[in-house]
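Here the structure is laid out as structure tokens; the discussion comes afterwards.
The values are calculated or read from the model by the stated rules, or taken from the named source; none is laboratory data. Keep in mind it's a predicted model, so treat the numbers as computed, not measured. Cβ placement follows ideal geometry from the backbone for every residue including glycine, while neighbour counts extend to all protein chains displayed.
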Amino acid sequence: MIKMDRLSLNAGKNIVEVCSRLMPNETATIVTDKETVTIGKAIKKLAEEITQKVNFHVIEDYGERPLTFLPKEIKKDIKASDVTYFAVDSKPGELQKFRGPLVMLATISGREIHMPNIDNAIMNYGMQADYYKIASLTFLITGIASKSKTAKLTTPKGTDIKVKFSKNLKWVPDTGLLWYKGMWGNLPAGEAFTCPENLEGIMIVDGTLGDFFCAKYGDLEKTPISILIKNSRAIVEKIECENKELLKELKDYLKKDENANRVGEFGVGTNIYLKNFIGNLLQDEKFPGVHIAFGSPFPEHTGANWKSSVHIDGVMRKCSLWFDDIQIIDDGKFNQKELLTLD
């Protein structure tokens, strides 16, 4: 029998009852792996308290990682599911041939709860939040951003970015409330994002780097990455970092396809319940502040007319953010006075 402490139980209920709103007449499929199986089993236990129709898969049962295909057994169950829960430890090379097809299939048949690299720290912090309050703030920020033409971003470490937005590129609210067919999102949640029309400047990643980098390198406060961006593209050969192994891997990553070094996302974290960075992108990008990603612009959501097979976020600490000339975030904290005026 799986025993959960109070924090884990509350987090699990947030996932199953609040964020996915699983119903007694629905079918659920859980996809997990050996490293995350305890969390996967906790989700399974709570799902079984609501519905008798629960499928459970451990990735390693179908082959060695990284898995470069979506097993037919998992396909079959996802096709018959209303909700798919994906709780795994990310591996290099799985995004395009395993994770991507899984998300696509899950959102055709139902809705998908995406939790790559979820761990106990996330369960104990990011998943303890009040997601109804996060949704309210996220919709507010989405509304403000959607009306803005430009943004300015600075940080104490030297980030200095100017952004131009397009009315043809949508701002997307990621509230964590994934209740309807066709919906998917990461948990923990709390962000509003778009694909910028243009982005220029210096980006100092002193928080967390996405994809497999966060599991390998964690918090980057002591080894920040400096990235020069011109015309929305990282100048790969001018990237700087004291960690030479990380530097080489990042440069190689940003050369994987013709748009791997192109800015595909400008995101604003809205999870006000987070107090510290933990070195895990899944949670750290939701911290009040800004993250910028290279690669896929999620065209199915933003309306961008280009694509990439990769996507890697960079999170910065103590962000100050202006939409047009209005300061929304000051040193990593929302400017409540301005938000109340704009509400």
- Task: Would you check if there is a residue in segment 2-15 being in contact with a helix residue (DSSP H, G or I) (Cβ under 7 Å, 6 or more places away or on another chain), surrounded by 14 or more Cβ atoms within 10 Å (Cβ to Cβ) and of a type in the set (Lys, Arg)?
- Result: yes
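This table checks each residue for (1) closer than 24 Å to residue 177 by Cβ; (2) surrounded by fewer than 23 Cβ atoms within 10 Å (Cβ to Cβ).
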site	(1), (2)
17	yes, yes
23	yes, yes
27	yes, yes
37	no, yes
47	yes, no
57	no, yes
60	no, yes
- Message: Name the residue that is farthest from residue 79 (Cα to Cα), counting only residues in segment 173-197 that are of a type in the set (A, V, I, L, M, F, W, C) and over 12 Å from the mean Cα position of the chain (by Cα).
- Response: 195
- Task: Could you look through segment 198-239, keep only residues that are of a type in the set (Asp, Glu) and more than 25 Å from residue 117 (Cβ to Cβ), and pick out the one that is nearest to the chain's Cα centre (by Cα)?
- Result: 200
- Message: Take the residues in segment 179-196 that are over 28 Å from residue 220 (Cα atoms) and out of contact with any helix residue (DSSP H, G or I) (no Cβ under 6 Å at 6 or more places or on another chain); name whichever of them is surrounded by the fewest Cβ atoms within 10 Å (Cβ to Cβ).
- Response: 180
- Task: Would you point out which residue out of 325, 252 is assigned by TED's automatic domain parsing to the domain that holds residue 172, modelled with pLDDT under 95 and over 27 Å from residue 188 (Cα atoms)?
- Result: 325
- Message: Against the condition over 20 Å from the mean Cα position of the chain (by Cα), farther than 17 Å from residue 110 by Cβ and either acidic (Asp, Glu) or part of a loop (DSSP other than H, G, I, E, B) (or both), how does residue 17 come out, does it pass?
- Response: no
- Restricting segment 240-293 to residues that are touching a residue at least 40 places away in the same chain (Cβ under 8 Å) and touching a Leu at 6+ places or on another chain (Cβ under 6 Å), which is nearest to residue 144 (Cα to Cα)? 270
- Taking segment 243-265 and keeping residues of a type outside the set (A, V, I, L, M, F, W, C) and in contact with a Cys (Cβ under 7 Å, 6 or more places away or on another chain) leaves 264, 265
- Find all pairs meeting these conditions: Cβ atoms under 6 angstrom apart; at least six residues apart or on different chains; first residue within segment 44-70 and not assigned by TED's automatic domain parsing to the domain that holds residue 20; second residue assigned to a loop (DSSP other than H, G, I, E, B) and of a type outside the set (Gly, Ala, Ser). none
- Note on the structure: Residue pairs qualifying under the 8 Å Cβ cut-off, at least six apart or on distinct chains, with the first in segment 106-129 being farther than 15 Å from residue 5 by Cβ and the second being surrounded by 23 or more Cβ atoms within 10 Å (Cβ to Cβ) and of a type in the set (Asp, Glu), are 106/112
- Show the residue pairs that are 6+ apart or on different chains and have beta-carbon atoms under 6 Å apart, the first residue being within segment 299-312 and farther than 17 Å from residue 166 by Cα and outside the structural domain of residue 93 (by TED's automatic domain parsing), the second being among the polar types (S, T, N, Q) and assigned to a helix (DSSP H, G or I). 309/96
- Query: From the residues in segment 329-343 that are at pLDDT 95 or above and either surrounded by fewer than 23 Cβ atoms within 10 Å (Cβ to Cβ) or acidic (Asp, Glu) (or both), which one is nearest to residue 142 (Cα to Cα)?
  - Reply: 334
- Within segment 258-282, considering residues that are over 25 Å from residue 239 (Cα atoms) and in contact with a Gly (Cβ under 9 Å, 6 or more places away or on another chain), the one surrounded by the most Cβ atoms within 10 Å (Cβ to Cβ): 270
- Message: I'm trying to understand the selection: among the residues of segment 313-339, which are among the aromatic types (Phe, Trp, Tyr) and farther than 21 Å from residue 202 by Cα?
- Response: 334
- Message: Residues that are of a type outside the set (Gly, Ala, Ser): list the strands (runs of 3 or more DSSP E) wholly contained in segment 183-281 that include at least 3 such residues.
- Response: 191-194, 198-205, 225-230, 263-269
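Every residue, every condition in (1) of a type in the set (Asp, Glu); (2) closer than 27 Å to residue 166 by Cβ; (3) out of contact with any His (no Cβ under 6 Å at 6 or more places or on another chain); (4) modelled with pLDDT of 95 or more, yes or no:
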position	(1), (2), (3), (4)
205	no, yes, yes, yes
211	yes, yes, yes, no
223	no, no, yes, yes
233	no, yes, yes, yes
262	no, yes, yes, yes
276	no, no, yes, no
